[in-house]
């Protein structure tokens, strides 16, 4: 079974390298676009590789923008399409997401806003029509 095991520190080095790359991309984005909103950000590294040959770990930078308009501004800067979906439950809200790859780092941006009572009522009514009126 020796061939199927990995050395833990080798894996850690690759994960650290991936998160470092995500940090570099975050710094670049901030320097080039300081006006863009960020409510929260996180970096992560992951790998599905059976071995840790360089580079085996992928990096992800997740940015939570200040609302749908903030996500829209990020999508424009990243030159990617913004996907907006209305979701309902106790609260009805717009969920906006976009993704791009910069220097090998996946950049995922999201933002949302709660619909007003009038907007939520209209959305629920429309859902009833498209579902055959059953609610």
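The values are calculated or read from the model by the stated rules, or taken from the named source; none is laboratory data. Bear in mind that the values here come from a model prediction, so they are computed numbers and not experimental data. Here the Cβ positions follow ideal geometry from the backbone for every residue, glycine too, while neighbour counts run over all protein chains shown.
Being in a strand (DSSP E or B) and more than 30 Å from residue 14 (Cα to Cα) is true for just one of 118, 95. Which residue is that?
Details: 118 fails: in a strand (DSSP E or B).
95 is the lone residue from the list that is in a strand (DSSP E or B) and more than 30 Å from residue 14 (Cα to Cα).
Limited to region 82-92, what total is found for residues that are in a loop (DSSP other than H, G, I, E, B) and out of contact with any helix residue (DSSP H, G or I) (no Cβ under 7 Å at 6 or more places or on another chain)? I'd like the intermediate steps shown before the answer.
The initial filter retains those residues of region 82-92 that are in a loop (DSSP other than H, G, I, E, B), namely 82, 88-92.
Cutting the leftovers down to out of contact with any helix residue (DSSP H, G or I) (no Cβ under 7 Å at 6 or more places or on another chain) gives us 89-91.
The number of residues fulfilling the criteria is 3.
Between 58, 47, which is more than 13 Å from the chain's Cα centre (by Cα), crowded, with 18+ Cβ neighbours inside 10 Å and at pLDDT below 95? If you could, list the steps in order and put the result at the bottom.
Values: 47 fails: crowded, with 18+ Cβ neighbours inside 10 Å.
Just one listed residue meets the conditions, 58.
Look at residue 68 and say whether it is under 22 Å from residue 29 (Cα atoms), part of a strand (DSSP E or B) and either at pLDDT 95 or above or touching a helix residue (DSSP H, G or I) at 6+ places or on another chain (Cβ under 8 Å) (or both).
Working: under 22 Å from residue 29 (Cα atoms): yes; part of a strand (DSSP E or B): no; either at pLDDT 95 or above or touching a helix residue (DSSP H, G or I) at 6+ places or on another chain (Cβ under 8 Å) (or both): yes.
Against the criterion (under 22 Å from residue 29 (Cα atoms), part of a strand (DSSP E or B) and either at pLDDT 95 or above or touching a helix residue (DSSP H, G or I) at 6+ places or on another chain (Cβ under 8 Å) (or both)), residue 68 does not qualify.
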